[in-house]
Amino acid sequence: MDDVTSVADLLARTLGLEFEPRSSDYRGGDYFLAGDWRRDDFPELVYVQPNEDLEEPAEPEYAAYPTLVYVESTLRADQLMQALASTDLVLVRREDWDGLRDSAATPAPSY
C-alpha cells in the first residue's frame, strides 16, 4: 500500500481518527492530517504524506517507502503501535523525548 489516501483511510479505520486533506510543499504536496496543533492540551498529530521533497525522498534512508506516517506528540505510542500491528505498516523509527514518544511508520513496500 503506497497511496497516501489509502494509508490515511487504513489509519482512520484502525485508529478511529478523522483525517483532513491538506497541501504543503514542506510535506511533499498533498497530505492528510489528524489532530489539531491549536489545542490547549497536549495535541496528538498524525501525518500521512508522500516520501517526496522536491522530487527527492524526504527521508532518504527510507527511499523504498513511497508513503510516510508520522505520529507526533503522542502520549499513547504503545497503544497505537499495538493497534497498527495488524496492518502492513512498518515501524522505521521511534524516538523518546523526556518521557514522550514520537514514531514514524511507513507501509511495507509494494513489489
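The values are calculated or read from the model by the stated rules, or taken from the named source; none is laboratory data. From a predicted model like this one, the values you see are computed outputs, not experimental measurements. Because the Cβ atoms are built from the backbone with ideal geometry, glycine has one as well, and the counts that use them run over all protein chains shown.
Computed quantities for the displayed model
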quantity: Filtered residues of region 43-61 (kept if in a loop (DSSP other than H, G, I, E, B), touching a Phe, Trp or Tyr at 6+ places or on another chain (Cβ under 7 Å) and surrounded by 19 or more Cβ atoms within 10 Å (Cβ to Cβ)); calculated: ASN51
quantity: Count of residues meeting criterion [modelled with pLDDT of 90 or more and either acidic (Asp, Glu) or part of a helix (DSSP H, G or I) (or both)] in region 15-29; calculated: 2
quantity: Test set (1) modelled with pLDDT of 85 or more; (2) more than 19 Å from ARG27 (Cβ to Cβ) - TRP97 fails condition number; calculated: (1)
quantity: Search result, residues across region 65-87 that are modelled with pLDDT of 85 or more and surrounded by fewer than 13 Cβ atoms within 10 Å (Cβ to Cβ); calculated: GLN79, GLN82, ALA85, SER86
quantity: Matching residues, region 46-61, being modelled with pLDDT of 85 or more and among the hydrophobic types (A, V, I, L, M, F, W, C); calculated: VAL46, VAL48, ALA58
